[in-house]
Amino acid sequence: MRLGYKIAKRFLKSNLGQTFLIIVGIAIGVSVQIFIGSLIQGLQLSLVEKTIGNSPQITITSITDDKRILDYDKMITDIKTADSNIEKVSIANDNAAFLEYGSNSQSILVRGFDIEQADKIYNFINRLKEGTYPKNENEIMLGIDLKDEYGMKLNDTVKITTTSQKIVNCKVVGFYDLNISSINKNWGITTIETSQNMFDTKNSITSIEVQVNANSTFIADQIAVKISQALDNKTIKVDNWKAQNGQLLSGLQGQSISSIMIQVFVLISVVLGIASVLAITVMQKSRQIGILKAMGIKNSSVSYIFLFEGLILGFFGAVLGIAFGLGLSFAFTKFALNTDGTPVIALYISYPFIFESGLIAIASSLAAAFIPAIRSSKLNPIDIIRNN
Amino acid sequence: MNNMIELKGINKIYGEDIKTQVLYDINLSFEEGSFNSIIGQSGSGKSTILNIMGTLDKTTSGEIIIDGKNVKNMSNNQLAALRNSTIGFVFQFHYLLPEFTALENILMPYEIKHGKVTKEIVKKAEDYLKLVGLEDVKNNLVTKLSGGQQQRTAIARALINDPKLILADEPTGNLDSDSTETIYELLRNINKELGTTFVIITHDKRIAEKTDRIIEIKDGRINLDIIK
């Protein structure tokens, strides 16, 4: 084996130009794989983040006729202990109402939150465009789209009419922007107390919202089942984002499959490239192999020469490819920027994925070297000696 | 004296559809420590005999006994090991590895046998380099050597594993007359000093006349066998 390695090294060194070209070929394959992989993973993560990052991934609602949850403090405790991946739990009291401002009117969803808890999920406070969040009785926060549409100002009063015709005047203390126009137009956010008083719902709420940690986003459905078991309550329903976003999920899955397809085809072309170049090397070196065999080298040792060539080419190709891939990725995130300075394409650099890509390249190079290795072991020295 | 190599009833036929017989019932043996030459016109079958003796080519029928061992039923790996330790080859076109230096080429058969080189063997290789007059160019790639230097490197390589038998196929075939003389003297000295058996194919009558035994092959048969 040692001799095989020594000869492989010398063969590669004796034709540096060719060796360099093969390594660059492998490196380009590896870098494309890393870049495409990081790009697709980045796109998926940013899509998931945008869609569900600032919203609950699991929602617990009531299936009773009045849709109300009463004993929620105990439920929150049970939820928090149901799974270690649960990070944020918040309550909401949602009720439909009618909003009037001057001569304008529209329907609105009044959402009562424990603002500080809900902020951990929705990130309201950071997404306030003007003013502050509701702290006192009859204060409300509206979306930036409503402000623009009706020309509202901070501290204006809006009239809220509930379905039971109760009229409450609320002071607008802030305008938020959740980046979704329908939410910006339709949600009026207030404190849990204001909403409970407004709609006369006393100590009840309509939903408990849960967010899991970033690594568990895609197992939200399993966590939902655990919560359901922990609560063991037939009057409630536990929903998760995966069940509610079938289309998004199939979109993500489609992306993953196309990413894997691209990577597989890149891999195939790399393997074919190495195999064909090494096959040519066997031809080029057939004279040397004939000489070595005449001197008594064993067939297995001759095979090692080409396996080591594959391994060496694969190793340097992978290392260079990782450098190219990372360079390309960083260049994209540094220089291809939106006007606000954020990258056009948010890449996700996953070191395990990069390491894996490198290993796959080395393994494929070794696999590609098998055919030439077998061919070389079958070479008969007399054919070389006789034909000079 | 024991026989170093013995050929019994060797026939060799090339081709599957169109058969060409190149050797007819060759019976031949060479004593240990002898210095022999095989002569004959091109196409007479002399190189085929040498390749068969070196286990590089297979016979159609007949038996070969090298150093007391019948090679008939040996596997490829056993033949490789036999070639590596018992036989040294010197070819007309030297067949050195162009990627390696003269010293590395000489050490190659030893490395094939033992997997690594020791200080002692490097010293021995350097002694052989001195013997063939190449100590100054030992670290040059063989492609940078002259034809005569390359052939002398090939001779040193053939000696490194202390083979009992050296088979040389026109070792001076593409050298000028001065180099031819030097190489011949070198082979003769090795034969005398180390007792190595030599079988040399040559078309050079003057060289053949200096050997102890001349065998002439004609149309695949032994035509003449002169022992001095």
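Please enumerate the residues belonging to the stretch B:4-26 that are among the polar types (S, T, N, Q) and under 15 Å from B:Ser47 (Cβ atoms).
B:Thr20
From A:Val344, A:Val266, A:Val282, A:Val277, which residue is over 30 Å from B:Arg83 (Cβ atoms), away from chain B (no Cβ under 14 Å) and over 37 Å from the mean Cα position of the chain (by Cα)?
A:Val277
Considering only residues that are charged (D, E, K, R) and free of Cβ contacts under 8 Å to residues at least 12 places away in the same chain, look in the stretch A:1-49 and name the one that is farthest from the other protein chains (Cβ to nearest Cβ).
Residue satisfying both the conditions and the ranking: A:Glu49.
Restricting attention to the stretch A:297-307, does a residue exist that is surrounded by fewer than 19 Cβ atoms within 10 Å (Cβ to Cβ), assigned to a helix (DSSP H, G or I), within 12 Å of another protein chain (Cβ to nearest Cβ) and not small (Gly, Ala, Ser)?
Yes - at least one qualifying residue is present in the stretch A:297-307.
Can you confirm whether A:Thr201 is more than 37 Å from the chain's Cα centre (by Cα) and at pLDDT below 90?
yes
Among (1) away from every other protein chain (no Cβ under 14 Å); (2) part of a loop (DSSP other than H, G, I, E, B); (3) at pLDDT 90 or above, where does A:Gln196 come up short?
Against the list (1) away from every other protein chain (no Cβ under 14 Å); (2) part of a loop (DSSP other than H, G, I, E, B); (3) at pLDDT 90 or above, A:Gln196 comes up short only on (2).
Give A:Lys74, A:Lys13, A:Lys80 a once-over and let me know the one that is within 17 Å of A:Val212 (Cβ to Cβ) and either part of a helix (DSSP H, G or I) or in the same structural domain as A:Leu347 (by TED's automatic domain parsing) (or both).
A:Lys80
For the stretch A:206-222, does any single residue satisfy the condition of being in a loop (DSSP other than H, G, I, E, B) and out of contact with any strand residue (DSSP E or B) (no Cβ under 7 Å at 6 or more places or on another chain)?
Checked the stretch A:206-222: no residue is in a loop (DSSP other than H, G, I, E, B) and out of contact with any strand residue (DSSP E or B) (no Cβ under 7 Å at 6 or more places or on another chain).
List pairs: first in the stretch B:95-124 and more than 7 Å from chain A (Cβ to nearest Cβ), second exposed (fewer than 15 other Cβ atoms within 10 Å of the Cβ) and assigned to a helix (DSSP H, G or I), Cβ under 6 Å, 6+ apart or cross-chain?
As it stands, the answer is B:Pro98/B:Thr143, since those pairs meet every condition given.
Condition first: among the small types (Gly, Ala, Ser), under 22 Å from A:Asp119 (Cβ atoms) and without any contact (Cβ under 8 Å) to a residue 12 or more places away in the chain. Now tell me which residues in the stretch A:148-192 satisfy that.
Selection gives A:Ser182 alone.
I'd like the full set of residues that are at negative phi and surrounded by fewer than 18 Cβ atoms within 10 Å (Cβ to Cβ), limited to the stretch B:153-181.
If the condition is that a residue be at negative phi and surrounded by fewer than 18 Cβ atoms within 10 Å (Cβ to Cβ), then B:Gly173, B:Asn174, B:Asp176, B:Ser177, B:Asp178, B:Ser179, B:Glu181 are the ones that fit.
Kindly indicate whether B:Tyr128 is assigned to a helix (DSSP H, G or I) and at pLDDT below 90.
When the stated conditions are applied, B:Tyr128 passes them.
Can you find, within the stretch A:128-138, the residue that is farthest from A:Ile208 (Cα to Cα) among those that are surrounded by 15 or more Cβ atoms within 10 Å (Cβ to Cβ) and out of contact with any helix residue (DSSP H, G or I) (no Cβ under 8 Å at 6 or more places or on another chain)?
Of everything passing the filter in the stretch A:128-138, A:Gly131 is farthest from A:Ile208 (Cα to Cα).
The values are calculated or read from the model by the stated rules, or taken from the named source; none is laboratory data. Values in this document were obtained by computation on a predicted structure and should not be read as measured data. Neighbour counts run over all protein chains shown; Cβ positions are idealised from the backbone, glycine included.
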